[in-house]
Amino acid sequence: MEKEAEDFINQGYVEKNDIDPEDNEAVNKEIDNRIASLTDDEAIIATDDSYMEDINEKIAGAGWIEISKDHKEPKNGIFNPENMRNVAGEIKAIEEGIKWARSKGFKRLDIYFDYAGLVGWAYGYNINRKKDSEQDDLRTKYYDLIRESSKHIKLVFHKVSAHTNVKYNEEADRLAKDAVENYGK
């Protein structure tokens, strides 16, 4: 596991910066600067999730915004929460964003998200292949997706604080909620 962790760090999944994730103005500025500096082979996704047991406990909403040099498209969808409630939606948003980026041939994808566990699972933390529960299965699928995708595209994770007026996180959150609230309408 130590070698895998070292390989993962060398892959560049997390880049050091001096931005305080609690400072929404600084985070918004960082994202805007990143968008302005995108090259033709780079993209960004901002993701979030929603789970509303009172509306439908069998679905989780996913919201994401695909951003490239000449493209910005909000997306959302409904997924099976697989016993992970809203986290399943954020995993699915990342999965869909990675599929989009790979289909377009991007070499780098910056992922802005608000659930810290996603980076840990990408590193293999709390991944237990010996258990058969759905929760472990979804984490394992996510881990495998990140590992496989990283062979083709550089993935860079950026943790942002939830519900603090980070523009694209708030938009992704709204998209995820809309997916749940409008399911079946």
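The values are calculated or read from the model by the stated rules, or taken from the named source; none is laboratory data. Every value quoted in this text rests on a predicted model; they were computed, and no experiment measured them. All Cβ positions, even for glycine, are placed from backbone atoms using ideal geometry, and neighbour counts span all protein chains on display. We work out accessible area using only protein heavy atoms, side chains counted, and drop any ligands, DNA or RNA first. Shrake-Rupley method; radii C 1.70, N 1.55, O 1.52, S 1.80 Å.
Quick look at the values:
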| quantity | calculated |
| --- | --- |
| Of all residues making up the range 95-104, the number that are farther than 19 Å from T140 by Cβ and out of contact with any Asp or Glu (no Cβ under 7 Å at 6 or more places or on another chain) | 4 |
| Within the range 50-83, considering residues that are farther than 24 Å from K107 by Cβ and out of contact with any helix residue (DSSP H, G or I) (no Cβ under 9 Å at 6 or more places or on another chain), the one surrounded by the fewest Cβ atoms within 10 Å (Cβ to Cβ) | D54 |
| Flag if A88 is surrounded by 12 or more Cβ atoms within 10 Å (Cβ to Cβ), at pLDDT 85 or above and out of contact with any Gly (no Cβ under 7 Å at 6 or more places or on another chain) | yes |
| Failed item in (1) without any contact (Cβ under 8 Å) to a residue 60 or more places away in the chain; (2) open to solvent by 20 Å² or more (accessible area, probe 1.4 Å), with I98 passing the rest | (2) |
| Members of the range 1-55 that are at pLDDT below 65 and among the basic types (K, R) | K3, K16 |
| Flag if K29 is surrounded by fewer than 23 Cβ atoms within 10 Å (Cβ to Cβ), assigned to a helix (DSSP H, G or I) and not hydroxyl-bearing (S, T, Y) | yes |
| Residues located in the range 32-49, provided they are over 20 Å from G105 (Cα atoms) and open to solvent by 10 Å² or more (accessible area, probe 1.4 Å) | D32, N33, D49 |
| Residue selected from the range 102-128 under the condition at pLDDT below 85 and not hydrophobic (A, V, I, L, M, F, W, C), by the criterion most open to solvent (accessible area, probe 1.4 Å) | Y125 |
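Rundown of residues vs (1) touching a Leu at 6+ places or on another chain (Cβ under 6 Å); (2) surrounded by 15 or more Cβ atoms within 10 Å (Cβ to Cβ); (3) modelled with pLDDT under 85; (4) not small (G, A, S), yes/no style:
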residue	(1), (2), (3), (4)
K130	no, no, yes, yes
S133	no, no, yes, no
D136	no, yes, yes, yes
D144	no, no, no, yes
H152	no, no, no, yes
V156	no, yes, no, yes
Y168	no, yes, no, yes
R174	no, yes, no, yes
